[in-house]
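Only one structure is covered here, and it is reproduced in the block below.
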Amino acid sequence: MASRSINASYFEPSEDQMINLLEQIKDWQINHGFLLKLMPSEEEHSVLSYPVGVSVFPTPFPRTQFNRAIDLQKIYNELYCAIAENENWLYSVTKDLIPVEPLACALWGIYEETKKAGIVQNISAGIFRSDYMLHLNDNDESVSVYPRSIFETSLKQVEFNAFSCAGGSHANRVADMHRYLTRIGEYDLGQEQRGKEKINIKSLPPNNNIEGIASCLASAHAVYGSPKSRSVQQTAVLFIVQPKNFNIADERPIEYALWDRDEPVPAYRLNWGDILRDTSLTDSRQLLFHPPWMKSKSPVEISVVYMRAGYETHEYDVRGFQARLQLEKSTAIKCPSILSHISTFKKVQQALTAPGALERFLSAEKAAAVRATFVPVYPLDESPAGLHARKLATDPKESARFILKPSLEGGGHNIYGDEIPDFLSSVSHSRWSSYILMERIMPPVLQNVLMGPAGVYEGEVVSELGIFGSALWQKCTGSERRCEVLENSTAGWSFKTKYSEIDEMSVVKGYGCFDTPRLMEH
């Protein structure tokens, strides 16, 4: 394979300049809450924390591809709103997961129970994130081998996230940080920078994820309206969260933004394990929250349930199943609904690559724009395409070009390249159908300096661009249209960079750093 390294480096500061720059970054992170909790370290009077991994310099990225990803997001929002309201298609795509994937079994079971009881809320909210990488085509002889240009790339989708999309607040903070460092001249070396293109504020896009996500929740809250239950005076957004969460600085800013609006939107947090203890349903199925610290006051009626937990299989034991069922059966607007959650399974991503699949939900023009971001993705079932994929996946030479992906979310579950054959040999053939085989994206390799818990790294890196979207939609009945999109917005972006030799990308789990794209003109 030809070299993918690109000579688009940052400037090379002196030792004193680098020391000062690192001090500026650490101080900025401490003063802006750009931190992760050190678990377990919490005491009554204090908690230890450490800075989130960040790039020292913004990483070059083509402005045209950034703008393209931004433009695509509303189309992707529209697509996944429509998928979430097409129960029959979604079931046909994911039904084979039910006997082999406990999470799929649990979610479909909850949906069926909700359906039997009668669905009482036909409005849903979604906070989405579509992740991309730049892709170099090594078979294109018209592309020079070295140095490669970042403009000789295409934009390819890594995955689409529709449930508990994390990183929005951190991405907001790192953009603010790099823009601040640019404003105060930390990247301006004067004569020493001669011959290098200067980093300027216009090349660093502003980011407004926190407000964008909060606005979606506030809109859903407004649509829900005043309390329906006579026993309460207040409605609120309820964040469902994991206990002992080290990533609190990514969640809380959204909550604070809701309270900080000109017309404050009340927002509360509830651990996944406490749902059955601290919530109840009225006879009309309003969801009431009983804050344990407010026992003397009336309960709060929940307008919107915002899920930041419930994506791991182990969460769906007997109590977890009943807890999610209680939320789904309620009149609260879910962000996301159970079907929207199911739409984030990788089997859906694979099914959408089939001829004609996108046209079921989108116009031909929009479908073509989305399809251009796809790389080949195969099922691993017993269909002709699946049997072909099984041959590729079990061949040590062929498997190097692929990633094996399960339906699980949360990062750290993928199997890469030459590890795939041995992994599959350890898995029962009956479970192979729960995986998809995705052709690897070959991103350009750039140079940067990354700073994280393990120290400062200088060398080759690759980046991933995520675009946050938000939507509010209503299920249509008695109409050819399955849903009406009430609001459709691009909320912001995330940009993550990792060492080039690392496969996984999850900053909070130690795989990479938050970064800002330095938008480059051709």
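The values are calculated or read from the model by the stated rules, or taken from the named source; none is laboratory data. This is a predicted model, so every value here is computed, not measured. Reconstructed Cβ throughout: ideal geometry from the backbone, glycine too, with neighbour counts over all protein chains shown.
For region 353-396, filtered to residues that are acidic (Asp, Glu) and in the same structural domain as residue 420 (by TED's automatic domain parsing), the residue that is nearest to residue 433 (Cα to Cα) is 381. One residue stands out in region 46-87 among those that are of a type in the set (Gly, Ala, Ser) and in contact with a helix residue (DSSP H, G or I) (Cβ under 6 Å, 6 or more places away or on another chain): the one that is nearest to residue 462 (Cα to Cα), namely 53. For region 253-290, enumerate the residues that are hydroxyl-bearing (Ser, Thr, Tyr) and more than 13 Å from residue 306 (Cβ to Cβ). Listed by number, the residues that qualify are 256, 279, 280, 282, 284. Within region 233-244, restricting attention to residues that are over 14 Å from residue 278 (Cα atoms) and not in a loop (DSSP other than H, G, I, E, B), the residue that is farthest from the chain's Cα centre (by Cα) is 235. Of all positions in region 136-147, at least one carries a residue that is under 30 Å from residue 62 (Cα atoms), within 24 Å of the chain's Cα centre (by Cα) and modelled with pLDDT under 95. Go through the residues of region 424-440 one by one and say whether even a single one is farther than 24 Å from residue 163 by Cα, in the same structural domain as residue 161 (by TED's automatic domain parsing) and not in a strand (DSSP E or B). No, the conditions are met nowhere in region 424-440.
Apart from one condition, residue 281 fits all of (1) among the aliphatic types (A, V, I, L, M); (2) under 30 Å from residue 32 (Cβ atoms); (3) more than 29 Å from the chain's Cα centre (by Cα); the exception is (2).
Between 347, 297, the distinction of being modelled with pLDDT under 95, farther than 24 Å from residue 210 by Cα and of a type outside the set (Phe, Trp, Tyr) belongs to 297 only. Among the residues making up region 93-122, those that are part of a loop (DSSP other than H, G, I, E, B) and either surrounded by fewer than 22 Cβ atoms within 10 Å (Cβ to Cβ) or in contact with an Asp or Glu (Cβ under 6 Å, 6 or more places away or on another chain) (or both) are 98, 99, 100, 118, 119, 120, 121, 122.
Counting only strands (runs of 3 or more DSSP E) that sit wholly inside region 446-505, those with at least 2 residues that are touching a helix residue (DSSP H, G or I) at 6+ places or on another chain (Cβ under 6 Å) and of a type in the set (Gly, Ala, Ser) are 455-475, 483-499. Looking across region 369-413, the residues that are in a helix (DSSP H, G or I), free of Cβ contacts under 8 Å to residues at least 24 places away in the same chain and of a type in the set (D, E, K, R) come down to 371, 391, 398. Out of all the residues in region 161-184, is one or more at pLDDT 95 or above, assigned to a helix (DSSP H, G or I) and farther than 20 Å from residue 208 by Cα? No, region 161-184 contains no residue that is at pLDDT 95 or above, assigned to a helix (DSSP H, G or I) and farther than 20 Å from residue 208 by Cα.
Whenever a residue of region 8-22 is modelled with pLDDT under 75, its partners that are exposed (fewer than 15 other Cβ atoms within 10 Å of the Cβ) and in a loop (DSSP other than H, G, I, E, B), lying with C-beta atoms within less than 9 angstrom and at least six residues away or across chains, give the pairs 8/147; 9/196; 10/196; 11/196; 11/198; 12/196.
Conditions tested, residue by residue: (1) under 23 Å from the mean Cα position of the chain (by Cα); (2) within 19 Å of residue 236 (Cβ to Cβ).
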| site | (1), (2) |
| --- | --- |
| 328 | yes, yes |
| 334 | yes, yes |
| 338 | yes, no |
| 341 | yes, no |
| 346 | yes, no |
| 358 | yes, no |
| 364 | no, no |
| 369 | yes, no |
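On the given criteria, is residue 323 touching a residue at least 40 places away in the same chain (Cβ under 8 Å), farther than 15 Å from residue 163 by Cβ, within 24 Å of the chain's Cα centre (by Cα) and surrounded by 24 or more Cβ atoms within 10 Å (Cβ to Cβ)? Answer is yes for this residue. Taking region 76-92 as the search range and keeping residues that are surrounded by fewer than 23 Cβ atoms within 10 Å (Cβ to Cβ) and polar (S, T, N, Q), which one is nearest to residue 346 (Cα to Cα)? Result: 92. In this structure, does residue 230 turn out to be of a type outside the set (Gly, Ala, Ser) and either assigned to a loop (DSSP other than H, G, I, E, B) or in contact with a His (Cβ under 9 Å, 6 or more places away or on another chain) (or both)? Judged against the criteria, residue 230 is a match. Strands (runs of 3 or more DSSP E) fully within region 279-368 that include at least 3 residues being touching a helix residue (DSSP H, G or I) at 6+ places or on another chain (Cβ under 6 Å): 300-307.
Exactly one residue out of 90, 21, 79 is outside any loop (DSSP other than H, G, I, E, B), more than 30 Å from residue 362 (Cα to Cα) and of a type in the set (A, V, I, L, M, F, W, C), and it is 21. Among the residues of region 198-226, the ones that are surrounded by fewer than 20 Cβ atoms within 10 Å (Cβ to Cβ), at pLDDT below 95 and of a type outside the set (D, E, K, R) come to 1 in all.
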